[in-house]
Amino acid sequence: MGTNRLDFRRIRRRFRTPLRTGVGLVESVDRLIIRGEDASGVIGYGEIAPWPGFKTESVDEAERMVRAAQGNLAQLRHDVQKNVQALPCLASALSMLNAWSEIKKFSGGLHCAALLREGATPDEAAARVAQGFSVLKLKIGPATTEESVRAILAVTPQSTSLRLDANGLLTLVPARAWTEFVRNEPRIEYIEQPLPVDHAGYTSLGPEKIACDESFTSPRNDARWPDAIIVKPSLVGDWDAFRTWSKSVGVKFIASSCFETAIGRQAALAFAAERLAKETVGFDTLGWFEPDGRDRHTPGPIVHGLPNYDWEKFWGEVA
Ligand SMILES: [Mg+2]
């Protein structure tokens with residue numbers, strides 16, 4: 001052994017408060033961290049971080065494949081390549097591992113949007129602006145009113161913009177009303193995933209100021225892409241394939257966290273900085289879990305990487 005060695009750890013992270021999503025309440029997520037070491041002793045890390053309800057392999061499926069490789073990184077690469085379209089999380093994790101010597105140098109910083117829960121009050125929004133955030137991302141649901149969003153616009157400066165995210169929870173009639181509201185309000189950048197994935201109603205909503213998140217995992221050709229696509233570097237599949245594809249698609253790409261550990265976050269931030277245009281990113285996801293030592297970065301309106309961090313120590317500690 002010693003050549004192309006592969007190790008992994010599976011960890012569970014519990015949210016402080018369960019998150020409401022299109023597939024119900026999410027109380028915890030499981031992540032697989034992989035560690036590879038080549039013949040010359042170069043070490044790389046990657047993270048398999050699927051999100052419930054997104055069309056990717058599950059953690060269990062990924063773990064089965066990692067186990068089947070029996071500690072051989074070249075074997076895992078080979079197995080994933082055979083079915084890469086169906087394994088975006090594994091392909092992403094291998095891209096991280098391959099690029100780790102660059103990723104670990106990433107220091108930042110990137111402008112980050114503040115993430116506000118559904119039902120956030122104007123006071124909460126104003127508090128985030130006071131912290132220095134100039135973009136607020138607001139979760140909305142069937143119970144959210146336009147008045148509540150107007151109230152947030154009213155207490156925040158004109159220079160503050162809003163992004164709305166419905167997580168696929170709306171039906172067609174309210175989705176139409178929200179789309180119109182968003183198009184008439186210059187301070188709202190877009191509404192994300194108003195309808196469930198692949199809902200026929202997207203055709204009638206049209207692309208303007210619509211962003212998709214849940215609908216997008218790995219690159220594919222589809223003439224119906226809206227204005228913006230939320231890209232989670234952990235779900236995007238092979239990073240080089242994404243880069244090639246993204247240059248051919250005329251939409252705005254927004255990088256977003258998938259609630260990774262510090263390893264996936266370091267990689268995703270580096271991806272956002274190097275491979276996407278300088279749009280404000282969605283990485284305000286620290287502090288959402290019960291304290292478990294798996295977050296190491298610092299939150300805030302500008303997010304930074306951790307250059308020269310001792311990732312071997314982190315690996316040892318997350319076990
Ligand atoms: Mg979203």
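Results, tabulated for the structure shown:
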| quantity | calculated |
| --- | --- |
| Residue, surrounded by the fewest Cβ atoms within 10 Å (Cβ to Cβ), within the range 227-240, restricted to residues that are more than 16 Å from the ligand (Cβ to nearest atom) and under 18 Å from Glu57 (Cα atoms) | Trp239 |
| All positions within the range 244-273 that are more than 14 Å from the ligand (Cβ to nearest atom), under 25 Å from Ile34 (Cα atoms) and either aliphatic (A, V, I, L, M) or free of Cβ contacts under 8 Å to residues at least 24 places away in the same chain (or both) | Ala262, Ile263, Ala267, Ala268, Leu269, Ala270, Ala272, Ala273 |
| Filter result for Val84 (touching a helix residue (DSSP H, G or I) at 6+ places or on another chain (Cβ under 6 Å) and not assigned by TED's automatic domain parsing to the domain that holds Ala267) | yes |
| Matching entry among Thr160, Thr156 (being more than 20 Å from Ile229 (Cα to Cα), touching a Ser or Thr at 6+ places or on another chain (Cβ under 6 Å) and away from the ligand (no atom under 16 Å from the Cβ)) | Thr160 |
| Whichever residue in the range 37-65 is over 20 Å from Leu235 (Cβ atoms) and in contact (Cβ under 8 Å) with a residue 24 or more places away in the chain and, among such residues, is surrounded by the most Cβ atoms within 10 Å (Cβ to Cβ) | Glu37 |
| Index of the failed condition, Ala126 passing every other in (1) among the small types (Gly, Ala, Ser); (2) in the same structural domain as Val236 (by TED's automatic domain parsing); (3) within 25 Å of Ala241 (Cβ to Cβ) | (3) |
| Pick from the range 282-314, criterion more than 16 Å from the ligand (Cβ to nearest atom), assigned to a loop (DSSP other than H, G, I, E, B) and touching a helix residue (DSSP H, G or I) at 6+ places or on another chain (Cβ under 7 Å), ranking: farthest from Leu269 (Cα to Cα) | Gly293 |
| Identity of the residue in the range 171-188, of a type in the set (Val, Ile, Thr) and farther than 20 Å from Pro157 by Cβ, that ends up nearest to the ligand (Cβ to nearest atom) | Thr179 |
| Unmet requirement for Ala268, which otherwise passes all of (1) assigned to a loop (DSSP other than H, G, I, E, B); (2) surrounded by 23 or more Cβ atoms within 10 Å (Cβ to Cβ); (3) not aromatic (Phe, Trp, Tyr) | (1) |
| Tally of residues being touching a residue at least 40 places away in the same chain (Cβ under 8 Å), assigned to a loop (DSSP other than H, G, I, E, B) and within 13 Å of the ligand (Cβ to nearest atom) across the range 194-226 | 5 |
| Tabulated pairs, the range 147-169, first assigned by TED's automatic domain parsing to the domain that holds Leu115 and more than 23 Å from Lys55 (Cβ to Cβ), second of a type in the set (Val, Ile, Thr) and away from the ligand (no atom under 16 Å from the Cβ), C-beta under 6 angstrom, 6+ apart or interchain | Thr156/Val129; Thr160/Val129 |
| Boolean, Ile191 is surrounded by 16 or more Cβ atoms within 10 Å (Cβ to Cβ), within 16 Å of the ligand (Cβ to nearest atom) and either closer than 30 Å to Trp100 by Cβ or not charged (D, E, K, R) (or both) | yes |
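The values are calculated or read from the model by the stated rules, or taken from the named source; none is laboratory data. All values derive from a computational prediction rather than experimental measurement. Positions of Cβ are backbone-derived with ideal geometry, glycine not excepted, and every protein chain shown enters the neighbour counts.
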